[in-house]
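Below is one structure, written out as structure tokens; comments come after it.
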Amino acid sequence: MGEIEGLWELQKHANILKDIGKSLKKIGSGDRIKSLSVKIEGTEKRLLDLERKIEEKENRLNKANLVLKEYDSKLQEIEESLYTGSISDLKQLTFLNQERENIKSKIEDKEIEILYLLEEMEELKKEFILIREDFQAMRKEYKKVVKECKSIIEELRDKALCEKKRIEEISTVLDEKSLEKYNELTKNRGIAVVEVIDNRCSGCNMVLPAIIIDKLKNNNSISYCENCDRILYLKK
């Protein structure tokens, strides 16, 4: 492997290592996991809110049923007094009749209230079941994503170790001055070695002189872009 080919290989593996680093950083930030976590938290709050509303409706329903039971009992007492003939006083009979109608009206209102409460509870329970299903599905997905992320991170770390090892192997066979120049360009330019594509430097897109192209084609010596100073590589 010639010097320029070695530098090109070094750059390729450095690029791969850099991409692995970006992938690890992206996964490490946990954007997908955070997004799911926020959704799960919001859904859980919604479930708790629905549970509270259902409990409130149940309490109101229980109270309404107790009141209705009291009304029914009171109505039964009035009707017994009216129909047994134990009361003969006209004024008292009139009062009891009015009281009976009043109780009947209250019973009707309370029964309507109970029906509304039952309908509202039914809707809340349906909503609760649907949201709970979504919540369980999200928790399942969350566990799956966490597991996948851990697996990907381990795989990327293994790849990074392989790339670092390969970079070390290539570096040991390169000329010291070439390696110093490579490291200097990497520090200043980000990328040290760039491929020549359609007679242009792919680092800065400048058209290269014919003499440089001929030099790259005919020998293995290191050539630099006159514009960006990067090392040029021409695939032969």
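The values are calculated or read from the model by the stated rules, or taken from the named source; none is laboratory data. What you see is a predicted model; the values in this text were computed from it and never measured. Backbone-built Cβ (ideal geometry, glycine too); neighbour counts: all protein chains shown.
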Notebook entry, point to check: Do we find a residue being closer than 30 Å to residue 22 by Cβ, in the same structural domain as residue 69 (by TED's automatic domain parsing) and surrounded by 14 or more Cβ atoms within 10 Å (Cβ to Cβ) anywhere in the stretch 116-134?
Noted result: no
Item checked: Leading residue by the ranking (farthest from residue 22 (Cα to Cα)) among those in the stretch 162-177 that are surrounded by fewer than 12 Cβ atoms within 10 Å (Cβ to Cβ) and at pLDDT 95 or above -> 168
Notebook entry, point to check: Of all residues in the stretch 140-160, which are acidic (Asp, Glu) and within 14 Å of residue 37 (Cβ to Cβ)?
Noted result: 141
Check: Hey, among the residues in the stretch 66-109 that are outside any helix (DSSP H, G or I) and either among the acidic types (Asp, Glu) or surrounded by 11 or more Cβ atoms within 10 Å (Cβ to Cβ) (or both), which one's modelled with the highest pLDDT?
Finding: 89
Next item on the list: Only one of these is of a type in the set (Asp, Glu) and either within 17 Å of residue 10 (Cα to Cα) or surrounded by 15 or more Cβ atoms within 10 Å (Cβ to Cβ) (or both): 180, 148. Name it.
Entry: 180
Notebook entry, point to check: Does residue 151 count as polar (S, T, N, Q) and touching a helix residue (DSSP H, G or I) at 6+ places or on another chain (Cβ under 8 Å)?
Noted result: no
Margin query: Go through (1) under 22 Å from residue 177 (Cβ atoms); (2) modelled with pLDDT under 95; (3) surrounded by 15 or more Cβ atoms within 10 Å (Cβ to Cβ) for residue 201 and report which single condition fails.
Written below: (2)
Next item on the list: Looking at (1) touching a residue at least 12 places away in the same chain (Cβ under 8 Å); (2) surrounded by fewer than 17 Cβ atoms within 10 Å (Cβ to Cβ); (3) within 28 Å of residue 24 (Cβ to Cβ), find the lone condition where residue 209 falls short.
Entry: (3)
Notebook entry, point to check: Which is touching a residue at least 12 places away in the same chain (Cβ under 8 Å) and either assigned by TED's automatic domain parsing to the domain that holds residue 196 or of a type outside the set (Phe, Trp, Tyr) (or both), of 90, 68?
Noted result: 68
Next item on the list: From 17, 50, 61, grab the single residue that is under 30 Å from residue 194 (Cα atoms) and buried (at least 16 other Cβ atoms within 10 Å of the Cβ).
Entry: 17
Check: Before we move on, is residue 7 in a helix (DSSP H, G or I), on the phi < 0 side of the Ramachandran plot, surrounded by 15 or more Cβ atoms within 10 Å (Cβ to Cβ) and of a type in the set (A, V, I, L, M)?
Finding: yes
